1. Ordered by packing density, taken as the mean number of other Cβ atoms within 10 Å over each peptide's residues, highest first, how do 190-201, 385-396 rank?
2. With r defined as the distance between the Cβ atoms of S452 and E146 and R0 fixed at 22 Å, what FRET efficiency is calculated, to the nearest 0.05?
3. Between the range 445-467 and the range 514-529, how far is it from one alpha carbon centroid to the other, in angstrom?
4. Given a Förster distance of 41 angstrom, what is the FRET efficiency for D428 paired with Y344, based on the Cβ-Cβ distance and rounded to 0.05?
5. In nm, to one decimal, how far is the V155 label point from the I528 one, both placed 7 Å along Cα→Cβ?
6. Could you please state, rounded to a whole Å, how far the C-alpha centre of the range 362-418 is from the C-alpha centre of the range 116-164?
7. Going highest first, how would you order 295-302, 484-491 by mean Cβ packing within 10 Å?
8. Which whole-number value in Å² is the accessible area per residue of the range 317-402, probe 1.4 Å?
Amino acid sequence: MCAAHLLRHSRKLRTLRDALDYDRSALVRYFSAASASFPTKGSAAAGVEKRIGGARFPQCKQPGKELETFKVSLGGLNGRYACRRAPNNCIPTTITGLNGSLSCGQVSSARSFSSSADLPPHQEIGMPSLSPTMTEGNIARWLKKEGDKVSPGEVLCEVETDKATVEMECMEEGYLAKIIHGDGAKEIKVGEIIAVTVEEEGDLEKFKDYKPSTSAAPAAPSEPKAQPEPAEPKVKETEPSRTPEPKAPKTEEASQPGGRIFSSPLARKLAEDNNVPLSSVMGTGPDGRILKADIEDYLASVAKGGKREALAAPGLSYTDVPNTQIRKVTANRLLSSKQTIPHYYLTVDARVDNLIKLRGELNPLQESSGGKKISINDLVIKAAALALRKVPQCNSSWMSDFIRQYHNVNINVAVQTEHGLFVPVIRDADKKGLGTIAEEVKQVAQRARDNSLKPEDYEGGTFTISNLGGPFGIKQFCAIINPPQSAILAIGTAEKRVIPGSVDGQYEFGSFMSATMSCDHRVIDGAIGAEFLKAFKGYIENPNSMLL
């Protein structure tokens, strides 16, 4: 708990806010009774006392005694004051000497330490939140094994997040005592303990059979009940009982004969949102009526694999393939995009003979200089980036109250891998040469296939290109917009066509490529989208203009 919270709940100290030199982000550690201390946010030299905000507390070298009193110095205040601590721990409970007492309530710990005398000081490492949207993650593999020494900056394990596989680094020096979730562990909630480290190598054996406590986290809120002054917790306890709205719809329908499945409106809505057939759910309400709780129980059992067989038709042979985190996130984002973004589509055919010719002239120069070959997709990225610079309205996002128009042209490129669909980004593509774009595309595409993309490799895009033409020969398709962007360009394959020649009665062959743009009608009007495709087509058919 920071000093601000203490001052806010103490009448006698409300007038002394400026007296304490406190740090809102001070971290508090729980140590065992045998070796307790109060480390601070920064590193502190060894000594008899350490600081927490403006207060200095002496390190405890012996187990706590009944209401033991020791001296405390508070920065900014003259004099010294007595601090009392509770039995079997070294966390101060009261500080006296300020014409009253300063109570220490619930302390939120960033590091969990054992309070048992038979376990030495240790750090429980939780599943980190490695992206803004991450709620759970998977352990791809551990790079350290139990008993290994770890140092700050060393990679402990690889965590599969909702977007990519990210390396998790160690923050402090010590020894890896216990791995709670091993290689391949799935759906670990953010904050859930995955490993334990200790400071001394000799303490490793004591954690051989260690299991994290499930009651450690909720144990702290019990302390504030002893405080008579704060009234907020009492209000919060009574508020949930005032809102039993979900129960109202459950009694609206009456039972009717005829084999009809009876359910509450809330249950039907929940079943529809989760594609649950009501015939598969056993109702527990009056006359077998299906309630919201029944749907929730069904979804929970399906998540655990309990009723998946019931969803398949009899006699079918099948294999259930677990969804990776990236596939789950991709599915949710694409579903949300189609449900919330008003898509419309514009298609243009561009002749690519000059584009193919230019590529043939540039690649020998690239090879002689040791660069990567330039692909048609690289030329498409450059053409789209320049067209966005000409028509910046398409380089925007819908922000409810306003439209955000980006000054950077960052192109996401869709890459299909065995792990799922990734969209690494090429930043400032309008300002880069073709050789640089070709190099970066190949690098990020390889990292995507290796499942080793970092957040900076895919975040910050303003426009997306998906090409199914070159690799798969797809003639034309409509892509789904990648939120929060307002457009995506779908590139088809080039095909030869017979077209009229320059002289009447003569014909010639030409290669044409289809490009379909999916637009968010809230941001891009039809004429604006057509203007972009006109500019894009101009660069494709006259590619030398991209070099100017």
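The values are calculated or read from the model by the stated rules, or taken from the named source; none is laboratory data. Because the structure is a prediction, the values reported are computed rather than measured. Cβ: placed from backbone, ideal geometry, glycine included. Neighbour counts: every protein chain shown. Heavy atoms of the whole protein, side chains included, go into the accessibility calculation; ligands, DNA and RNA do not. Shrake-Rupley method; radii C 1.70, N 1.55, O 1.52, S 1.80 Å.
1. On the way: 190-201: 18.7, 385-396: 21.2.
So the order, starting with the most tightly packed, is 385-396, 190-201.
2. 0.35
3. Each part's Cα centre sits 23 Å from the other's.
4. Values: r = 29 Å, r/R0 = 0.70.
After rounding to 0.05, the efficiency reads 0.90.
5. 4.2
6. 36
7. 484-491, 295-302
8. That works out to 56 Å² per residue.
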